[in-house]
1. Report, ordered by the first and then the second residue, all pairs with beta carbons closer than 6 Å, sequence separation of six or more or different chains, a first member in the stretch 55-72 that is closer than 10 Å to residue 37 by Cα, and a second member that is aliphatic (A, V, I, L, M) and surrounded by fewer than 18 Cβ atoms within 10 Å (Cβ to Cβ).
2. Taking the stretch 25-38, which residues are surrounded by fewer than 20 Cβ atoms within 10 Å (Cβ to Cβ), of a type in the set (A, V, I, L, M, F, W, C) and either within 16 Å of residue 68 (Cα to Cα) or more than 12 Å from the chain's Cα centre (by Cα) (or both)?
3. Go through (1) at pLDDT below 95; (2) open to solvent by 40 Å² or more (accessible area, probe 1.4 Å) and name the single condition residue 5 misses.
4. Can you pull out the residues in the stretch 39-91 that are assigned to a loop (DSSP other than H, G, I, E, B), surrounded by fewer than 16 Cβ atoms within 10 Å (Cβ to Cβ), touching a Gly at 6+ places or on another chain (Cβ under 9 Å) and of a type outside the set (Ser, Thr, Tyr)?
Amino acid sequence: MVTPLSGGQDTTESVIGPSVHLEGNFNSSGNIVIGGSLAGSLTTTGDVRILEGAKVQATISATLVHVAGEIRGDVYAKELLELAPTARIYGNV
């Protein structure tokens, strides 16, 4: 189960599951949960949650970013960047 991000309500719009690998540039206005792998860029006016075991090679821009997996790229969090003990970021924040 995915814990709600900001506001206490789960308004997740997109989920990239553990068995999914996506490549490309993604734009959204909703919350996104990544459990698989993503390469490219991800921009949203919502929140992003990178789950433990997820691997992201992308520039991420979001309101709130919660990281428990691995990111290779820059992270732009407009309000808050949360790092779990398992988080790994190789890039600028």
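1. Listed pairs, sorted by first residue: 57/39.
2. Within the stretch 25-38, no residue meets the criteria.
3. Of the numbered conditions (1) at pLDDT below 95; (2) open to solvent by 40 Å² or more (accessible area, probe 1.4 Å), the odd one out for residue 5 is (2).
4. Going residue by residue through the stretch 39-91, those that are assigned to a loop (DSSP other than H, G, I, E, B) are 45-47, 51-54, 68-69, 73-74, 84-87, 91.
Adding the requirement that they be surrounded by fewer than 16 Cβ atoms within 10 Å (Cβ to Cβ) leaves 45, 52-53, 74, 84-86, 91.
Of the ones still in play, those that are also touching a Gly at 6+ places or on another chain (Cβ under 9 Å) are 45, 52-53, 74, 84, 86, 91.
Answer for the stretch 39-91, where residues must be assigned to a loop (DSSP other than H, G, I, E, B), surrounded by fewer than 16 Cβ atoms within 10 Å (Cβ to Cβ), touching a Gly at 6+ places or on another chain (Cβ under 9 Å) and of a type outside the set (Ser, Thr, Tyr): 52, 53, 74, 84, 91.
The values are calculated or read from the model by the stated rules, or taken from the named source; none is laboratory data. Note that this is a predicted model, so its numbers are computed, not measured. Note: ideal-geometry Cβ built from the backbone for every residue, glycine included; neighbour counts use all protein chains shown. Surface accessibility is based on the protein's heavy atoms, side chains included, excluding ligands, DNA and RNA. Shrake-Rupley method; radii C 1.70, N 1.55, O 1.52, S 1.80 Å.
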